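Okay, here's the structure, questions in a sec.
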Amino acid sequence: MRTRAPRVRFLDLSRQVEEHRELLQGAIDETLDSGRFVLGEQVDRFEQAFAGYCRARSCIGVASGTDALTIALRAVGVQPGDEVVTVANTCVPTIVGIENAGAVPVLVDADPSSYTIDPSRIEEVLTLRTRAIVPVHFYGQCAGMDPILALAGAHGLKVVEDCAQSHGAEYNGRRAGSMGDAAAFSFYPTKNLGALGDAGAVVTSDPEVDRRARLLRNYGEAERFHHVLRGWNSRLDTLQAALLAAKLPFLDGWNERRRELAARYTAAFAASSVVAPLEIDGSRHVYHLYVVRVDDREAFRARLASLGVDTAVHYPVPVHHQEAYRALAPPGRSLAVSERLAATVVSLPLYPELTDGEVESVIEAALESFQPARA
Ligand SMILES: *Cc1c(COP(=O)(O)O)cnc(C)c1O
């Protein structure tokens, strides 16, 4: 009798902690010894390293990816009441980040092959109040930035990239976070580069955006007790910066491993009825998530679970169908692609520490689950 392989969990963050425990402990000790716990030298150091990684001029550490979006939008000049165009096929934090800036999110449908914003659908939603576009580099793949940047240039709009799922992704040789007027990153623990808690960053190459973002994260304070903008408290913890700086040198290797595992999945699914993710020409996908599409999602997930493989769904309910955000459903405009995606997507386990054996188990179980049940 064949012994059952242990369950393949969707994600196990403890593996990375185990592998790098000494390094992480060192960063924690260094912070304890520094006696500085908010901003400070370790934050400066991480900001410089991460700006370099993104091939941008500066990075401003903040408390979360959601805050990074809000601060980036305000830093590029978005004002309360302005409209900000983004994609319906995103998770709610993108919308929260836009609304926290006082702006009104305007949803555009996704492209059915890249799952990112469909640039050809942006122009029809522009009004005199449109101020910015927030393309989301979804699942680890950059949105179609050339047409988006051309459109923004033609209409005088700002572009803030949502890079929460795309650390290290590239588009025609450019890094995610270096293409727009500013970018927002999240270092939530499950992201490709994750802290041991909440953390985020604004990235920009515009010195004025950098200056404003630094003010906005710290009560708009220019000199001690002199406030020149109305801001927030959204500073990066010293401890999280020290941990992120310690982990950053591994990011490219982790992304390579993600790409290698993704290539194995995609090759294995080529002859099946599963729709594998498409890497667009000129794009370097970093597979924050490996998302396939199947018609009978719940049955497929149940079969995989019975074969010992956990899966997840990112995301089951589109933003405009969420109870809190129904008002964002655009009257008379279709978001059909995003709705169809929400109904059919399934995320398979994919993270750098997943073993080769586990990947084989997932492939075997997935192929078995796609086949019609044998009589
Ligand atoms: C995670 C995420 C965010 C928000 O980041 P937090 O750090 O959790 O606030 C925003 N946008 C996208 C696309 C995300 O995946």
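Surrounded by fewer than 15 Cβ atoms within 10 Å (Cβ to Cβ), assigned to a helix (DSSP H, G or I) and more than 19 Å from the chain's Cα centre (by Cα), is that true of residue 326?
On the way: surrounded by fewer than 15 Cβ atoms within 10 Å (Cβ to Cβ): yes; assigned to a helix (DSSP H, G or I): yes; more than 19 Å from the chain's Cα centre (by Cα): yes.
Taking the combined requirement at face value, the residue satisfies it.
Note down all Cβ pairs under 9 Å where the first residue falls in region 100-115 and is farther than 12 Å from residue 126 by Cα and charged (D, E, K, R), the second is open to solvent by less than 10 Å² (accessible area, probe 1.4 Å) and assigned to a loop (DSSP other than H, G, I, E, B), and they're at least six residues apart or on different chains.
Listed pairs, sorted by first residue: 109/88; 109/335; 111/143.
Taking the conditions exactly as written (at positive phi, modelled with pLDDT of 95 or more, open to solvent by less than 30 Å² (accessible area, probe 1.4 Å) and assigned to a loop (DSSP other than H, G, I, E, B)), does residue 194 satisfy them or not? Let's see the steps before the verdict.
On the way: at positive phi: no; modelled with pLDDT of 95 or more: yes; open to solvent by less than 30 Å² (accessible area, probe 1.4 Å): yes; assigned to a loop (DSSP other than H, G, I, E, B): yes.
It is false that residue 194 is at positive phi, modelled with pLDDT of 95 or more, open to solvent by less than 30 Å² (accessible area, probe 1.4 Å) and assigned to a loop (DSSP other than H, G, I, E, B).
If you scan region 171-191, which residues turn out to be within 14 Å of the ligand (Cβ to nearest atom) and assigned to a loop (DSSP other than H, G, I, E, B)?
If the condition is that a residue be within 14 Å of the ligand (Cβ to nearest atom) and assigned to a loop (DSSP other than H, G, I, E, B), then 176, 177, 187, 188, 189, 190, 191 are the ones that fit.
Check off (1) over 20 Å from residue 140 (Cβ atoms); (2) open to solvent by 60 Å² or more (accessible area, probe 1.4 Å) for residue 297 and give me the number that stays unchecked.
(2)
Sticking with this one: Please tell me if residue 317 is more than 16 Å from the ligand (Cβ to nearest atom), surrounded by 13 or more Cβ atoms within 10 Å (Cβ to Cβ), within 17 Å of residue 89 (Cα to Cα) and among the β-branched types (Val, Ile, Thr).
Values: more than 16 Å from the ligand (Cβ to nearest atom): no; surrounded by 13 or more Cβ atoms within 10 Å (Cβ to Cβ): yes; within 17 Å of residue 89 (Cα to Cα): yes; among the β-branched types (Val, Ile, Thr): yes.
No.
Moving to a separate point now. Give the number of residues within region 149-164 that are aliphatic (A, V, I, L, M), touching a strand residue (DSSP E or B) at 6+ places or on another chain (Cβ under 7 Å) and within 22 Å of residue 208 (Cα to Cα). Before you say what the answer is, go through the steps one by one.
In the first step, residues of region 149-164 are kept if they are aliphatic (A, V, I, L, M); the result is 149-152, 154, 157, 159-160, 164.
Keeping just the survivors that are touching a strand residue (DSSP E or B) at 6+ places or on another chain (Cβ under 7 Å) gives 149, 152, 157, 159-160, 164.
Applying the additional criterion that residues be within 22 Å of residue 208 (Cα to Cα) yields 149, 152, 157, 159-160.
Within region 149-164, residues that are aliphatic (A, V, I, L, M), touching a strand residue (DSSP E or B) at 6+ places or on another chain (Cβ under 7 Å) and within 22 Å of residue 208 (Cα to Cα) number 5.
Please work out if residue 111 is over 21 Å from residue 66 (Cβ atoms) and not aromatic (Phe, Trp, Tyr).
On the way: over 21 Å from residue 66 (Cβ atoms): yes; not aromatic (Phe, Trp, Tyr): yes.
Yes: the conditions hold for residue 111.
Determine whether residue 168 is within 18 Å of the chain's Cα centre (by Cα) and either of a type in the set (Lys, Arg) or within 12 Å of the ligand (Cβ to nearest atom) (or both).
Judged against the criteria, residue 168 is not a match.
Moving on to the next point. Does region 258-270 include one or more residues that are open to solvent by less than 70 Å² (accessible area, probe 1.4 Å), in contact (Cβ under 8 Å) with a residue 24 or more places away in the chain and more than 26 Å from residue 17 (Cβ to Cβ)?
For region 258-270, residues open to solvent by less than 70 Å² (accessible area, probe 1.4 Å), in contact (Cβ under 8 Å) with a residue 24 or more places away in the chain and more than 26 Å from residue 17 (Cβ to Cβ): present.
Taking the options 63, 49, name whichever one is more than 30 Å from residue 334 (Cβ to Cβ) and more than 17 Å from the chain's Cα centre (by Cα). Give the steps one after another, and end with the answer.
Values: 63 fails: more than 17 Å from the chain's Cα centre (by Cα).
Of 63, 49, the one residue that is more than 30 Å from residue 334 (Cβ to Cβ) and more than 17 Å from the chain's Cα centre (by Cα) is 49.
Turning to a different aspect of this structure: Any residue in region 128-156 that's at positive phi: show its pairings with residues that are in a helix (DSSP H, G or I) and within 16 Å of the ligand (Cβ to nearest atom) at Cβ separation under 8 Å, as long as the two are six or more apart or on different chains.
From residues that are at positive phi, the pairs are 140/258.
Another question, if that's okay. Going through region 319-371 one residue at a time, which ones are farther than 28 Å from residue 259 by Cβ, of a type outside the set (D, E, K, R) and modelled with pLDDT of 95 or more?
Of everything in region 319-371, those that are farther than 28 Å from residue 259 by Cβ, of a type outside the set (D, E, K, R) and modelled with pLDDT of 95 or more turn out to be 319, 320, 321, 322, 324, 325, 327, 328, 329, 335, 336.
Here's the yes/no breakdown for (1) away from the ligand (no atom under 16 Å from the Cβ); (2) within 30 Å of residue 321 (Cα to Cα); (3) not charged (D, E, K, R):
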site: 27; (1), (2), (3): yes, no, yes
site: 33; (1), (2), (3): yes, no, no
site: 42; (1), (2), (3): yes, no, yes
site: 49; (1), (2), (3): yes, no, yes
site: 63; (1), (2), (3): no, yes, yes
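Going by the structure shown, is residue 331 farther than 21 Å from residue 169 by Cβ and within 16 Å of the ligand (Cβ to nearest atom)?
Numbers: farther than 21 Å from residue 169 by Cβ: yes; within 16 Å of the ligand (Cβ to nearest atom): no.
Taking the combined requirement at face value, the residue does not satisfy it.
Out of (1) farther than 24 Å from residue 338 by Cα; (2) within 15 Å of the ligand (Cβ to nearest atom); (3) of a type in the set (A, V, I, L, M), the odd one out for residue 128 is which?
Going through (1) farther than 24 Å from residue 338 by Cα; (2) within 15 Å of the ligand (Cβ to nearest atom); (3) of a type in the set (A, V, I, L, M) one by one, residue 128 breaks only (2).
Are any residues in region 197-225 in a strand (DSSP E or B) and surrounded by fewer than 24 Cβ atoms within 10 Å (Cβ to Cβ), and if so, which ones?
Across region 197-225, the qualifying residues are 218, 221, 222, 223.
Hey, among the residues in region 111-134 that are more than 10 Å from residue 87 (Cβ to Cβ) and of a type in the set (Ser, Thr, Tyr), which one's surrounded by the most Cβ atoms within 10 Å (Cβ to Cβ)?
114
Would you kindly identify the helices (runs of 4 or more DSSP H) lying entirely within region 1-110 that contain at least 2 residues that are open to solvent by 50 Å² or more (accessible area, probe 1.4 Å)?
Working: elements: 14-19, 21-34, 41-53, 65-75, 92-100.
Qualifying helices (runs of 4 or more DSSP H): 14-19, 21-34, 41-53, 92-100.
Take region 288-312 and flag every residue that is within 16 Å of the chain's Cα centre (by Cα) and over 16 Å from residue 362 (Cα atoms).
Within region 288-312, 288 is the sole residue that qualifies.
The values are calculated or read from the model by the stated rules, or taken from the named source; none is laboratory data. Given the structure is predicted, the values throughout are model-derived calculations rather than measurements. Backbone-built Cβ (ideal geometry, glycine too); neighbour counts: all protein chains shown. We work out accessible area using only protein heavy atoms, side chains counted, and drop any ligands, DNA or RNA first. Shrake-Rupley method; radii C 1.70, N 1.55, O 1.52, S 1.80 Å.
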